[in-house]
Amino acid sequence: MAHLITFLGKGGVGCTTSAIATAKKLAKNGDRVLLATQDPSPAFGLLLGRSVGIEPEEIEPNLWAVQFDTPFLLAKGWEEIKEMEAKYLRFSTLKNIYGQELGTFPGFESALGLYEIRNYNASQQFDAIVYDGTADLALISALGVPENTSWYIRRFRELILESDLGKALSPFVQPITAAIFNVSWSLENFAEQPLNETKTLLEEGIDAVCDPKRAIAYLVTNNDPVAIATAKYLWGSAQLAGVSVGGVLWNRESADRQLTAEFSPLSCTELPQTTDLEAIADALPNIREVGDIPKPLQIDTTKRQAKVFLPGFDKKQVKLTQYGTEITIEAGDRRRNIILPPPLTGQPVKGAKFQDNYLILSL
């Protein structure tokens, strides 16, 4: 499995430069590295020192680069949807709709990029994939897609099965599906195979995002108060999405000790005040080395306690609700649904406190 490495920070602080320097350092150290960018403009090629295409090409020993093209990825993904339609439906309904005609919603580019990264990861051609994404909340939202989608499938499937409408339609599901699909389903096992395939894919995505040895982000900032505030907010938002943050890269400015203390316990690395990528690469820490970093979520069944790490937020910004067997945590405009393991499943929250950037729940 390739190690996905990405960067978060305010625009202009040097996330793209950090990504390129990281890719160069890892490749120099012997890792097979794919450097992927979501930026469609010529800026990436200018920083890299050469143009990059929509298919990976080796630009240095052990280093490949690719520039994602959203229309190309959308058309490619649409062909996969058509293949799935042909697999399950008796009659084609999408044959006259072409991927090249489709547009994207805001933020969808990051999801397409991460799906393409998943495909490159599955090829097992790379040890590390350095992703120069949007570096903002859109990227965090895309990383949280597997968990959020899993929630929708789980909840709405239960809703339909248990509703009076579902019970009323149950006798008609099998003959209708037999007429439309290549397989016959009842309401209970409706779309069971594609749903199981989707669940497996989503579970793989959730496991990858939550494992810092498989996916990790680094904050990039400087001494600008706005850049620092943005980095802290992205840090907390990433934790709420289950994304591990490995450290802070302080770009082109000497890091003020008082400011770096705001990111404790993360380590802060000063990058030199230069545009020389080799010098920046030499100053970088061992990016793939996952040290003692805070875990976004810790559940202790013995102590009957759950801890959610929420740096960058204060207790006034955190909201806790519980519906059924799941607990919902909201901070800022982010939210996360927590499924408690046995023997805590379904247990009500008896107490909550916000301490040292942790929301601590007693069950």
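Brief remarks on what is shown
- Note on region 1-29: residues that are assigned to a helix (DSSP H, G or I), over 14 Å from LEU139 (Cα atoms) and open to solvent by less than 30 Å² (accessible area, probe 1.4 Å) amount to 10.
- With respect to the stated conditions, PRO265 fails to be touching a helix residue (DSSP H, G or I) at 6+ places or on another chain (Cβ under 6 Å) and over 24 Å from ASP31 (Cα atoms).
- Within region 30-55, considering residues that are modelled with pLDDT of 95 or more and part of a loop (DSSP other than H, G, I, E, B), the one farthest from LEU4 (Cα to Cα): GLY30
- Selection within region 200-227 - touching a strand residue (DSSP E or B) at 6+ places or on another chain (Cβ under 7 Å), assigned to a helix (DSSP H, G or I) and at pLDDT 85 or above: ALA227
- Subset of region 299-310 that is in contact (Cβ under 8 Å) with a residue 12 or more places away in the chain and over 18 Å from the mean Cα position of the chain (by Cα) - its residue that is farthest from PRO343 (Cα to Cα): LYS307
- Matching residues in region 48-74 - criterion: being under 18 Å from LEU26 (Cα atoms) and open to solvent by 70 Å² or more (accessible area, probe 1.4 Å): GLU58, PRO61
- The residue that is least open to solvent (accessible area, probe 1.4 Å), counting only those in region 314-356 that are polar (S, T, N, Q) and over 22 Å from the mean Cα position of the chain (by Cα), is THR321.
To keep it simple, each residue is scored yes or no on (1) more than 16 Å from GLY291 (Cβ to Cβ); (2) touching a residue at least 60 places away in the same chain (Cβ under 8 Å); (3) not hydroxyl-bearing (Ser, Thr, Tyr).
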| site | (1), (2), (3) |
| --- | --- |
| TYR218 | no, yes, no |
| ILE228 | yes, no, yes |
| VAL245 | no, yes, yes |
| ASP256 | yes, no, yes |
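- In the condition set (1) outside any helix (DSSP H, G or I); (2) at pLDDT 85 or above, PHE91 is compliant with all but (2).
- Tally, over region 292-307, of residues that are assigned to a loop (DSSP other than H, G, I, E, B) and out of contact with any Ser or Thr (no Cβ under 7 Å at 6 or more places or on another chain): 6
- Residue in region 283-291 that is in contact with a strand residue (DSSP E or B) (Cβ under 6 Å, 6 or more places away or on another chain) and in a strand (DSSP E or B) present: no
- Scan of region 118-129 for residues that are part of a strand (DSSP E or B) and touching a Phe, Trp or Tyr at 6+ places or on another chain (Cβ under 9 Å), ordered by number: ILE129
- Residue that is nearest to PRO272 (Cα to Cα) [pool: residues in region 218-247 that are under 17 Å from the mean Cα position of the chain (by Cα) and polar (S, T, N, Q)]: SER244
- Answer residue from region 282-310, given it is touching a Pro at 6+ places or on another chain (Cβ under 8 Å), open to solvent by less than 50 Å² (accessible area, probe 1.4 Å) and farther than 17 Å from ALA352 by Cβ and is modelled with the lowest pLDDT among those: VAL290
The values are calculated or read from the model by the stated rules, or taken from the named source; none is laboratory data. Everything numeric here is computed off the predicted structure, so don't read it as measured data. Glycine gets a Cβ as well: all are built from the backbone with ideal geometry, and neighbour counts include every protein chain shown. For the accessible areas, the whole protein counts, side chains as well, though only heavy atoms, and no ligand, DNA or RNA atoms are used. Shrake-Rupley method; radii C 1.70, N 1.55, O 1.52, S 1.80 Å.
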